[in-house]
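Data first, discussion second: the structure below is written as structure tokens.
The values are calculated or read from the model by the stated rules, or taken from the named source; none is laboratory data. Since the model is a prediction, treat every value here as computed from it, not as a measurement. Here the Cβ positions follow ideal geometry from the backbone for every residue, glycine too, while neighbour counts run over all protein chains shown. Side chains included, ligands, DNA and RNA excluded: accessible areas come from the protein's heavy atoms. Shrake-Rupley method; radii C 1.70, N 1.55, O 1.52, S 1.80 Å.
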Amino acid sequence: GSALADAKRDVRELGETAEKSGSGFSSLREVATGALREIGSLAVNALGQAASAAAGFLRDSISQAGAFESGMNAFAASAGGALDAAGMKTEDFRDLFIDLGKRLPVSTKEVQDAAIALVKGGIDPAIIAAGGLESSLQFAAAAGMKLEAAAELGVKMLGTFVPITASAAEQTEFLANAQNLLVKAAGASTIDVDKLGDAMLQAGGQARAMGLEYEDFVTSMGLISPSFGSAAEAGTSFKNFLVRLQPTTDKAKDTMTALGLATEDGTSKFFDAQGKFVGVQKAADMLQGA
């Protein structure tokens, strides 16, 4: 009986301390409430077992609450002024992190680590809150990648293919769609998602500059990458291929004109009137025919 009473007293004191400490210790208040409920439930069965179990529950819960608060502080430090710029506060993410930790097959700490990786990579906190974090966690699970690595790949894809002027909604939509396409393209290939991502990043800047659609790009890289010795080699080769579709020497112009791949003035037919690449499928058909 005395052990149970002591445990209850400790929990109440914890709750009172947390209450006085302000919002930064809201998770400790939740622990205190949960611990009291746990004690009440266990006491119905056996006081001796209840006291022992409650003590262990309280000890573990305090440790978890401390780790959670530490993770929130780390997220706040990583976000810096980005939170203020987005008109958001650290508290806005507390429930999100807890919810994702409950719904997805990851721990709350892993959720926080992924959020930190995203915000360090320059992802707007509004995008993280709007679905970017959840899609990154789901992407990591589907791709079989570590959470931080998956988040970093998403950041790089977003930075390479989406204009900085894009809205938070547009960036969030692209992130989810790009991650989904990466998984599908890798699944249809024999290359892992992280390697496919490496290959795409090698050629991404050139692909974007030429107006190559993301879906066209990821599909093409998924198909050709297994034929190369490494992802980097595949990406570099594809980048060079794209560059050389526009002749820059007299010999290249003459050859492409003779093959019907360029006009008489040396303008490449791999680009439309607006200078946008016609797409990998059409380019392949033109080369096959020539």
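Scanning region 83-113 for residues that are assigned to a helix (DSSP H, G or I), open to solvent by 30 Å² or more (accessible area, probe 1.4 Å) and either basic (Lys, Arg) or more than 20 Å from LEU137 (Cβ to Cβ) (or both) gives ASP84, ALA85, GLU91, LYS102, ARG103, LYS109.
Rundown of residues vs (1) more than 16 Å from MET200 (Cα to Cα); (2) not aliphatic (A, V, I, L, M), yes/no style:
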{"position": "LEU223", "(1), (2)": "no, no"}
{"position": "ALA232", "(1), (2)": "no, no"}
{"position": "PHE238", "(1), (2)": "no, yes"}
{"position": "GLN246", "(1), (2)": "yes, yes"}
{"position": "LYS251", "(1), (2)": "yes, yes"}
{"position": "ASP254", "(1), (2)": "yes, yes"}
{"position": "GLU264", "(1), (2)": "yes, yes"}
{"position": "THR267", "(1), (2)": "yes, yes"}
{"position": "GLY275", "(1), (2)": "yes, yes"}
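Summed over region 186-205, the residues that are buried (at least 19 other Cβ atoms within 10 Å of the Cβ), aliphatic (A, V, I, L, M) and under 17 Å from SER237 (Cβ atoms) give a count of 5. Remark: SER220 falls outside the filter, which requires a residue to be open to solvent by less than 50 Å² (accessible area, probe 1.4 Å), of a type in the set (Ser, Thr, Tyr) and touching a strand residue (DSSP E or B) at 6+ places or on another chain (Cβ under 9 Å). Can you pull out the residues in region 247-263 that are surrounded by fewer than 18 Cβ atoms within 10 Å (Cβ to Cβ) and touching a strand residue (DSSP E or B) at 6+ places or on another chain (Cβ under 6 Å)? None; the set is empty.
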